[in-house]
Amino acid sequence: MQQGTLMRKVKSKSWKKQRYFKLQEDCMTIWYQSKRTGKIESAFSISDVETVREGHQSEVLQSVAEEFPPERCFTIVFYGRRGNLDLVAGSAEEAQCWVQGLRQLIEPRSFPLTFALVSCTWIRDWFQKADKNKDGRMNFKEVQRLLKLMNVDMNEDHALRLFQDADKSESGTLEGEEFVLFYKALTQREEVLSLFQEFSEDGKKLTLLELVDFLREEQLEDEGTEELAMELIDKYEPSETARARHVLSADGFLMYLCSLEGSIFNPQHRVLWQDMSQPLCHYFISSSHNTYLIEDQIRGHSSIEGYIRALKRGCRCLEVDCWDGPNGEPIVYHGHTFTSKIPFREVVSTLGNSKTSWGNSSSPLPSMGMSPPSSRPQRASLSCLRVWAQGPWRRWVAQGASLSLTPQELKHKILLKGKKIGRLEDTLDGPGDEVPDVSDDDNGAEAEEERRRAKVRGTQHGSALQKDKETLAQALSDCVIYCKNVPFRGFQEARSHSRPSEISSLSEAKARKLIRDEGNEFVRHNSWQLTRVYPSGMRTDSSNYSPQEMWNVGCQIVALNFQTAGTEMDLCDGLFSQNGCCGYVLKPPFMRDEETLFNPSDPSSREGPGPITLTIQVISGQQLPKVANSKEGAIIDPLVRVEIYGVPADQAHQETKYIENNGFNPRWDETLQFQIHVPELALIRFVVEDYDKTSRNDFVGQFTLAFANIKPGYRHIHLLSKDGTSIPPSSLFVHIRITE
């Protein structure tokens, strides 16, 4: 009997064990067993896998890079907080076989296949959980246990009736196809069937013209509707006979509504759809704070995994804090704290890995902020530059100062944001004699550190040593050719003396004060110069501030702690999930005008039409997950809250009533209505919670998107977990209307 593929499972440089890996016959489960004992160690479902990375794209595999070539290495990344699985195949061909095979299973070519795969996997997973005696059959007692596991509190008589209808063999148990029949009866979507029959003359099918009527009247599709109807039938109708007759069955109709075309997110906005030829300051840019940290700010773990995760998430501004390390090799960590340290060389290698950083060739590539090493600039700066000069990625460092660099021009390039000796023009004309400028920082910590360094430099003697230091500092400074850090001394001062190629960093508290006192001036400033905002130094737990208030005044680089899940990162993911997830979102026209009158505290200052009305009918939910760490047999009481984030006048939330004891197919049929004054800046967050009358509600799932990306009509919202990963097949079914 074939045992599977023999590969090395790697946990660290010293822990590399051989294991047999095998894809089960259902093509949905992978198990692995010890080569020595033959014992099956673990198994996982294909639905648990988020992505597969090739090469040395994890901290563990980078640590064994000298031992194993990248073409034999790959990493399986799971949804949620489950650790990565790092593997080394016996050959490059074997690795490719697994990589491509897994990708085919987790990234099918069409959404219906994804939907079918997820549903099939879900059925199988629940069957295995409820089949307590593992005999491959399920009696009625086990079915009752299954309903509890699936968040269903069903009347016993009704459950027995469904059980008996599915028990075609009259054996008193369900197996194979009988269980599938039971599951289909359990998941019957009455609200979708009712909508289908409303447009179907015979209640059994939608003709091409009937489908066109539905698309025009309800989905508000007004261009190429007949062609779209034909495409939907060809794509989602499971019956070949129905496809040949150009009709859509109820099953096909449901598959369409559950597909990408039936999602609330406009599919045309998932690709790169915005103008990418405008100056950098005209875009919101996905940005992270202390990217290397994956835990807290004081004792947390530093890891290149932080960079990999941020880049995969679409982040385009990364932070690298360089400090002197042993043997003249710089290190990266949160200075003056107890966080762990990683070699700067490993960070550079990670950023230089094209599969990590530039996986989407159509995406503009990241700018990167770098703080130089501290007290021994001679050795540290030299080794920094040596590292930067090595490797094929050197060509990606942007060369040549420009006052209007655009994301389009910066494709496949890296910008260094940092301090600089002299003016930017000196990079091209020759060295300057100016002391490096210092950005504002929380409690003046960075400024104080720079003053300390300057004092050390001022007390050094010896012309040879001084000349060497200046040469090295100048060489490092010359890498900064666009985003030169300058201190912020007020909007008037910036307008008079600063350049568009410069950037100021502000703490969240300082930015908030400027928003409150000089909102319009802040918007104008951000129309021609970049501003970076970073979390307060008091956020030692790596918590986040709300990015929305910073976006309201046009701040481009709003740095967040990507490792911390919560509403703030939901908003970040929601804004940047559009435009091909490239990490750049074009600001609205009134925020790109240097003479704009817009002030977020006064919505009437926005030029354009008046407020719009957003009407959301929350109809139903499907297969909502249980609350983490809930008691066995506990069933959620779900409610839906819709939250609006935007300018202060638009901040609002409303919620439905809760449905008692039904997380499987709750029905709300409630209508919520909002007035939105500045829709261009609004984000909509849908949250499902488990109601608790004695304590705080528990989080179940969420989905966030920009108002501009909403597709009106009958739509499904595919929910995400607290850390932003998919939780199939959990969804909400809603009806959206937008009126002026």
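The values are calculated or read from the model by the stated rules, or taken from the named source; none is laboratory data. If you're wondering where the values come from, they're calculated on a predicted model, not measured in any experiment. Here Cβ is always computed from backbone atoms with ideal geometry, including for glycine, and neighbour counts include all displayed protein chains. Accessible surface is based on the protein model in full, side chains and every heavy atom, while ligands, DNA and RNA are left aside. Shrake-Rupley method; radii C 1.70, N 1.55, O 1.52, S 1.80 Å.
For the pair Arg516 and Glu660, what calculated FRET efficiency results from E = 1/(1 + (r/R0)^6), where r is the Cβ-Cβ distance and R0 = 60 Å, to the nearest 0.05? Calculated transfer efficiency: 0.85.
Within straight-line reach of Lys11, meaning a Cα separation under 27 Å, sit the following lysines at least 8 residues removed in sequence or on another chain: Lys22, Lys35, Lys39, Lys312, Lys341, Lys355, Lys722.
Applying 0.36 nm per residue to the separation of Ser171 and Glu50 and subtracting their alpha-carbon distance, the gain on full extension is 39.6 nm.
Based on the alpha-carbon gyration tensor of segment 256-363 and its eigenvalue square roots a ≥ b ≥ c, which shape applies: rounded if a/c is under 1.5, prolate if not and a/b is larger than b/c, or oblate? Prolate, because a/c is 1.5 or more and a/b exceeds b/c. Within the accessible area of segment 200-304, the carbon and sulfur atoms contribute 48%, probe 1.4 Å, all protein chains present. Along its first, second and third principal axes, ordered by size, segment 684-740 spans 40, 24, 18 Å in Cα coordinates. Projection of the Cα convex hull of segment 609-739, averaged over all directions and equal to a quarter of that hull's surface, yields 8.2 nm².
The mean of 1/r over all pairs of different alpha-carbon atoms in segment 120-257, once inverted, gives a Kirkwood hydrodynamic radius of 17.1 Å. Within the assembled protein chains, the solvent-accessible surface assigned to Trp31 is about 30 Å², based on a 1.4 Å probe. Each of Lys134 and Thr615 was given a label point 7 Å from its Cα along the Cα-to-Cβ line. The distance between the two points is 5.6 nm.
Compactness of segment 560-609, taken as the C-alpha radius of gyration over 2.2 N^0.38 Å, stands at 1.48.
Counting charges near Gly554 (Lys, Arg +1; Asp, Glu -1) among other residues having Cβ under 9 Å from its Cβ returns a value of +3. Simple spin-label estimate for Ser726 and Ser34 gives 3.5 nm between the two label positions (7 Å along the Cα-to-Cβ direction from each Cα).
How about Lys204: which lysines have a C-alpha closer than 28 Å to its C-alpha, ignoring those fewer than 8 places off in the same chain? Straight-distance partners of Lys204: Lys168, Lys184, Lys235, Lys711. Compute the Kirkwood hydrodynamic radius of segment 488-536, taking the inverse of the mean of 1/r over all pairs of distinct Cα atoms, and give it in Å to one decimal. Across segment 488-536, the inverse of the average 1/r is 10.9 Å. A Förster distance of 45 Å, applied to the separation of the beta-carbon atoms of Leu149 and Gln651, puts the FRET efficiency at 0.70. Each distinct pair of alpha carbons in segment 190-262 adds a 1/r term; the inverse of their mean, the Kirkwood radius, is 11.9 Å. Distance between Cα centroids, segment 153-213 to segment 664-740: provide it in whole Å. Going from one Cα centre to the other spans 26 Å. Under 20 Å from a label point set 7 Å out along the Cα-to-Cβ vector of Arg299, the amide N atoms of segment 327-343 belong to 333-342. Shape of segment 5-106 from the C-alpha gyration tensor: rounded (a/c under 1.5, with a ≥ b ≥ c the square roots of its eigenvalues). Which shape class applies to segment 637-690: rounded if a/c is under 1.5, otherwise prolate when a/b exceeds b/c and oblate if not, where a ≥ b ≥ c are the square roots of the Cα gyration tensor eigenvalues? Because a/c hits 1.5 or more and a/b exceeds b/c, segment 637-690 counts as prolate. For segment 630-731, the carbon plus sulfur part of the accessible surface works out to 44%, probe radius 1.4 Å. Multiplying the residue separation of Ala708 and Arg667 by 0.36 nm and subtracting their alpha-carbon distance yields 12.0 nm. Net length available on complete extension from Glu226 to Ala509 is 96.5 nm, with 0.36 nm assigned per residue and the Cα-Cα distance removed.
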